[in-house]
1. Checking the structure you have, find out if any residue of segment B:250-270 is touching an Asp or Glu at 6+ places or on another chain (Cβ under 6 Å) and of a type in the set (Val, Ile, Thr).
2. Going through segment B:106-119 one residue at a time, which ones are more than 9 Å from chain A (Cβ to nearest Cβ) and either among the hydrophobic types (A, V, I, L, M, F, W, C) or open to solvent by 30 Å² or more (accessible area, probe 1.4 Å) (or both)?
3. When both residues are 6+ apart or on different chains and their Cβ atoms are under 7 Å apart, which pairs have a first residue that lies in segment B:48-73 and is without any contact (Cβ under 8 Å) to a residue 60 or more places away in the chain and under 15 Å from B:Val85 (Cβ atoms), and a second that is assigned to a helix (DSSP H, G or I) and of a type in the set (Phe, Trp, Tyr)?
4. Out of contact with any Pro (no Cβ under 8 Å at 6 or more places or on another chain), in a helix (DSSP H, G or I), more than 30 Å from A:Gly34 (Cβ to Cβ) and within 7 Å of another protein chain (Cβ to nearest Cβ): does that describe B:Met45?
5. Restrict the check to segment B:196-203 and report whether at least one residue is within 19 Å of B:Gln127 (Cβ to Cβ) and either assigned to a helix (DSSP H, G or I) or over 26 Å from the mean Cα position of the chain (by Cα) (or both).
6. Could you check segment B:351-371 and list, in sequence order, the residues that are under 23 Å from B:Ala311 (Cα atoms), of a type outside the set (A, V, I, L, M) and open to solvent by 60 Å² or more (accessible area, probe 1.4 Å)?
7. Out of the residues in segment A:6-57 that are among the charged types (D, E, K, R) and more than 9 Å from chain B (Cβ to nearest Cβ), state the one that is least open to solvent (accessible area, probe 1.4 Å).
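The values are calculated or read from the model by the stated rules, or taken from the named source; none is laboratory data. Please read these numbers as outputs of a predicted model, since none were measured by experiment. Virtual Cβ from ideal backbone geometry, glycine too; neighbours counted across all protein chains shown. When the accessible area is computed, the model is the full protein with side chains, heavy atoms only, and any ligands, DNA or RNA have been set aside. Shrake-Rupley method; radii C 1.70, N 1.55, O 1.52, S 1.80 Å.
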Amino acid sequence: MDNQEKAKKIEEIYQNAQEKLQLLAQKQHDIIQGYIKELEEEKMQALRQNISQNYQQ
Amino acid sequence: MNSKDPIQQALEDQIKAAQEQGNTEELEAIRNDAESGFYEDVAQMAQEAIDNLKNQEQSAEQEVEEATPQVEELGGDSAELQERVEPVQEEMKEVVEGAEGEIEGVENRGQAEQGENLLDDAGKLFQESVTGNGLWISNIDFRKISQAKGVAEKLDGPEAKELIYNIDKSLKEYADLNKERLLSQYKANPDDPNKFSDTLQKAMQAYELLGNNNALSEFGRSLIPIDSMLAEKAFKLAGNAMGFNEMSSRHLREGHLDYAFELAQEAVSMDKNVTGAMKDVAQKMFERAEEEPSYNNYYNSAKAFSEAGNAQGLASLVYSAFDKLNSDDVVPLDMFSLITNSVYKIKELGRGMNQDVLERGLVFAEKAGLGEKDELVKKFKECF
């Protein structure tokens with residue numbers, strides 16, 4: 001394996017790993033944002049319920 | 001159209017010139033330089049790739065840390081957040097570790113191939129270095145064979161070992177062949193070293209490069225009657241104290257007392273237990289000191305008895321020295337110093353001296369102009 005072949009192989013491994021990491025980073029981002037959205041919805045739901053109860057009284 | 005890099009062109013010209021001149025050392029140096037530069041570049045590239053991937057992994061971890069306050073503010077749990085992202089982070093870790101392993105694998109594969117190339121070259125160098133006629137090796141290029149062995153010794157693996165084995169086998173065969181020739185040439189012309197000096201040098205070089213202590217020692221023994229200096233060199237290289245001992249005994253038998261003493265000293269310095277020749281040398285030296293009394297002869301005799309660890313011999317020497325009290329052959333002060341040192345050594349060897357030695361020693365000290373307060377006299381008295 002000569003200089004160029006080695007460089008090419010390392011580049012290939014690097015690109016492949018980088019693509020996988022980008023996909024996983026996006027997946028993690030979606031999970032975090034999904035959790036935040038869940039929490040916000042729960043909070044909104046609680047607020048709605050609170051307002052509704054106050055209105056009935 | 002391919003235009004060549006000027007650096008590459010210069011390197012190719014340099015290689016061509018070295019090839020035309022048959023300069024293998026230069027070729028080796030060029031290749032080593034090129035390879036070390038090449039490996040530095042690849043290693044740097046590999047390290048940068050690994051670092052970048054690790055940075056990406058860390059950025060992802062950081063995103064979780066940064067989101068935690070927002071999650072807590074919304075009434076969420078940071079542990080819950082961590083639990084949700086954990087499988088993804090595990091997967092990222094595996095990707096980075098896997099890539100790191102693969103990149104290092106590429107590097108190692110390159111190094112292994114470099115080793116194979118060097119081994120091939122060493123093998124070729126070995127083939128070039130040996131010229132033979134049928135089963136016998138007729139000549140060896142020591143420079144080339146030494147280079148080939150040097151390269152092979154730096155490499156690992158069964159092929160490198162096999163090459164070293166083959167090189168050593170050829171060296172041994174060549175060395176033994178020249179030894180046989182040397183012995184027959186010496187037999188035919190014992191008084192004309194020029195007739196066999198070339199064979200002698202070839203054999204010596206081959207045994208030296210072979211580095212086999214037993215073969216070197218055996219060769220050293222064959223050299224004792226032919227060339228003492230080379231015999232000494234062979235024993236020295238082989239770390240063989242017994243060889244020096246044997247040589248010393250032989251020269252003592254031939255009446256070369258001082259040279260036998262030198263050789264016996266070498267034997268003792270290499271191995272303090274090899275004192276056989278020194279014991280005989282010491283006895284002969286003592287006899288010479290009695291026959292030809294002089295400080296030097298007594299001094300050498302005392303040294304030889306000391307190195308042989310012979311307390312009895314030293315005691316005889318002390319009594320003999322006392323008898324020289326009124327002799328013109330020795331200087332009393334020198335002799336008293338020698339007596340003191342000998343008595344001190346006897347004490348070190350765990351033996352005592354009679355009271356008459358103390359009395360006779362003090363008489364000698366007085367003759368030497370020394371008194372109770374002199375350090376030498378104090379040292380002498382401390383031995384009793």
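1. yes
2. In the first step, residues of segment B:106-119 are kept if they are more than 9 Å from chain A (Cβ to nearest Cβ); the result is B:108, B:111-112, B:114-119.
If the condition is that a residue be more than 9 Å from chain A (Cβ to nearest Cβ) and either among the hydrophobic types (A, V, I, L, M, F, W, C) or open to solvent by 30 Å² or more (accessible area, probe 1.4 Å) (or both), then B:Asn108, B:Gln111, B:Ala112, B:Gln114, B:Glu116, B:Asn117, B:Leu118, B:Leu119 are the ones that fit.
3. B:Val71/A:Tyr35
4. Details: out of contact with any Pro (no Cβ under 8 Å at 6 or more places or on another chain): yes; in a helix (DSSP H, G or I): yes; more than 30 Å from A:Gly34 (Cβ to Cβ): yes; within 7 Å of another protein chain (Cβ to nearest Cβ): yes.
In short, yes.
5. Residues of segment B:196-203 that are within 19 Å of B:Gln127 (Cβ to Cβ), as a first pass: none.
No: zero hits.
6. Our first condition is that a residue be under 23 Å from B:Ala311 (Cα atoms); within segment B:351-371, this holds for B:351-365.
Subset that is of a type outside the set (A, V, I, L, M): B:351-352, B:354-356, B:359-361, B:364.
Listed by number, the residues that qualify are B:Arg351, B:Gly352, B:Asn354, B:Gln355, B:Glu359, B:Arg360.
7. If we filter segment A:6-57 for residues that are among the charged types (D, E, K, R), which is where we start, we get A:6, A:8-9, A:11-12, A:19-20, A:27, A:30, A:37-38, A:40-43, A:48.
Applying the additional criterion that residues be more than 9 Å from chain B (Cβ to nearest Cβ) yields A:8, A:12, A:19, A:30, A:37, A:41, A:48.
Numbers: A:Lys8: 145, A:Glu12: 103, A:Glu19: 109, A:Asp30: 87, A:Lys37: 123, A:Glu41: 110, A:Arg48: 133 Å².
By that ranking, first place goes to A:Asp30.
Quick grid of which residues meet (1) under 22 Å from B:Arg250 (Cα atoms); (2) of a type outside the set (Val, Ile, Thr); (3) in a helix (DSSP H, G or I):
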site: B:Gln283; (1), (2), (3): yes, yes, yes
site: B:Glu287; (1), (2), (3): yes, yes, yes
site: B:Tyr299; (1), (2), (3): no, yes, yes
site: B:Ala304; (1), (2), (3): yes, yes, yes
site: B:Tyr319; (1), (2), (3): no, yes, yes
site: B:Ser327; (1), (2), (3): no, yes, no
site: B:Leu333; (1), (2), (3): no, yes, yes
site: B:Ile339; (1), (2), (3): no, no, yes
site: B:Val343; (1), (2), (3): no, no, yes
